[in-house]
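The values are calculated or read from the model by the stated rules, or taken from the named source; none is laboratory data. As the structure is a prediction and not an experimental result, all values here were calculated from the model. Cβ sites come from the backbone with ideal geometry, for glycine too, and all protein chains shown count toward neighbours.
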Amino acid sequence: MTDTSEPTDGWDVVVVGDGPAGLTAATFTARHDLRTLVIGTGDSILRRNAHLENFPGFPAGVNARLLLDAMRDQADRAGATVRSGRVVELTTADDGSDVPGFVVGTADGDRVETRYVVAATKNETDYLAGLDVDLVDHGKTFVATDAHGRTSLPGLYAAGRLAAKPHQAVVAAGHGAEVAVTLLDDDATPFYHDWVTPAGYFTGRGREVPPGCEEIPDAEWRERADDARETMQRYLAEPHPDGPEQHPSVVERDDGE
Ligand SMILES: Cc1cc2nc3c(=O)[nH]c(=O)nc-3n(C[C@H](O)[C@H](O)[C@H](O)COP(=O)(O)OP(=O)(O)OC[C@H]3O[C@@H](n4cnc5c(N)ncnc54)[C@H](O)[C@@H]3O)c2cc1C
């Protein structure tokens with residue numbers, strides 16, 4: 001990976017997996033100025049969905065590939081770096097301190113250092129094999145977590161389906177957000193809520209704007225609303241080029257005929 005955006009002293013957060021859980025977790029950590037890298041193979045299971053009808057905010061449903069593109073762009077706009085790649089190894093970076101640290105190895109031979117890892121790879125756990133992290137087998141392999149996505153290894157979190165959450169896109173995305181907020185909290189990053197409010201919402205009551213929150217004046221929220229409308233119009237101007245992906249065993253059967 002040749003990338004000039006690589007921080008010289010490593011990343012704060014590497015998110016492994018670019019489905020709804022990973023991309024949402026990255027959006028939250030990046031919005032709070034943790035240097036966040038997402039590494040993913042781009043094959044979220046959601047790509048198989050034919051039409052996504054239970055994700056909030058889309059009364060007539062949404063093309064799941066389009067939603068994934070939008071989530072990726074949102075993580076990018078929040079300040080995360082999103083790269084294609086397969087993570088094949090995760091090891092702890094033993095620097096003798098109490099601060100967590102990891103080295104993330106990819107299939108193309110790159111190594112990146114990070115303080116925290118959010119694993120969001122559905123049932124893919126091979127890259128965790130070298131770590132002392134508790135897994136759970138329910139027919140498929142999941143990572144054992146506490147109620148907020150912390151694994152048995154400090155600094156390593158699991159989000160979405162990998163953490164055995166219900167197999168629904170909105171749950172995975174919501175859990176990604178919850179895990180990210182837990183990470184921010186564990187990191188002692190000053191954080192109250194990730195809220196954007198009208199000017200005066202806090203200061204008009206004599207309060208400081210809490211960490212993580214932003215007050216914006218009328219002109220600013222109108223500008224952002226215009227940008228949002230134009231952005232969504234661009235997304236929806238043409239049908240998305242990608243249709244649903246078929247189950248691999250069905251594809252194999254078709255090929256055999
Ligand atoms: C046919 C079908 C239809 C569905 N329809 C719906 C529906 O209508 N409504 C609904 O709510 N849910 C639906 N789902 C479920 C939904 O897709 C999942 O619950 C959701 O995608 C889980 O999100 P996740 O981020 O945990 O995992 P995923 O979306 O699978 O994301 C995991 C990511 O990890 C990446 N990855 C894996 N291994 C590695 C690695 N070693 N290195 C780097 N990256 C890696 C993958 O590329 C992928 O992007 C459907 C699922 C299927 C199969």
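For the reader, a short list of remarks on this structure follows.
- Residues that are in contact (Cβ under 8 Å) with a residue 60 or more places away in the chain, among the hydrophobic types (A, V, I, L, M, F, W, C) and either surrounded by fewer than 24 Cβ atoms within 10 Å (Cβ to Cβ) or part of a loop (DSSP other than H, G, I, E, B) (or both) within the stretch 103-124 comprise Val112, Ala120, listed in sequence order.
Yes/no matrix, rows are residues, columns are (1) at pLDDT below 95; (2) within 18 Å of Leu162 (Cβ to Cβ); (3) within 12 Å of the ligand (Cβ to nearest atom); (4) not charged (D, E, K, R):
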{"site": "Leu46", "(1), (2), (3), (4)": "no, yes, yes, yes"}
{"site": "Phe55", "(1), (2), (3), (4)": "no, no, yes, yes"}
{"site": "Pro59", "(1), (2), (3), (4)": "no, no, no, yes"}
{"site": "Arg115", "(1), (2), (3), (4)": "no, no, no, no"}
{"site": "Glu124", "(1), (2), (3), (4)": "no, yes, yes, no"}
{"site": "Leu128", "(1), (2), (3), (4)": "no, yes, yes, yes"}
{"site": "Asp132", "(1), (2), (3), (4)": "yes, yes, no, no"}
{"site": "Leu135", "(1), (2), (3), (4)": "no, yes, no, yes"}
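- Residues within the stretch 126-167 that are surrounded by 15 or more Cβ atoms within 10 Å (Cβ to Cβ) and part of a loop (DSSP other than H, G, I, E, B), tallied: 11
- All of Leu66, Leu90 fail the test of being crowded, with 22+ Cβ neighbours inside 10 Å, more than 8 Å from the ligand (Cβ to nearest atom) and not charged (D, E, K, R), apart from Leu90.
- Of the residues in the stretch 177-199, at least one is modelled with pLDDT of 95 or more, in contact with a Gly (Cβ under 7 Å, 6 or more places away or on another chain), surrounded by 16 or more Cβ atoms within 10 Å (Cβ to Cβ) and of a type outside the set (Asp, Glu).
- Test: residue in the stretch 71-84 that is under 20 Å from Thr41 (Cβ atoms) and surrounded by fewer than 14 Cβ atoms within 10 Å (Cβ to Cβ): yes
- Residue match in the stretch 9-20 (condition: modelled with pLDDT under 95 and surrounded by 14 or more Cβ atoms within 10 Å (Cβ to Cβ)): yes
- Residue satisfying all of: in the stretch 24-74; among the aliphatic types (A, V, I, L, M) and free of Cβ contacts under 8 Å to residues at least 12 places away in the same chain; farthest from Asp9 (Cα to Cα) among these: Ala60
- Among the candidates Asp69, Asp76, Asp33, Asp43, residue that is over 18 Å from Leu183 (Cβ atoms), in the same structural domain as Gly17 (by TED's automatic domain parsing) and not in a helix (DSSP H, G or I): Asp43
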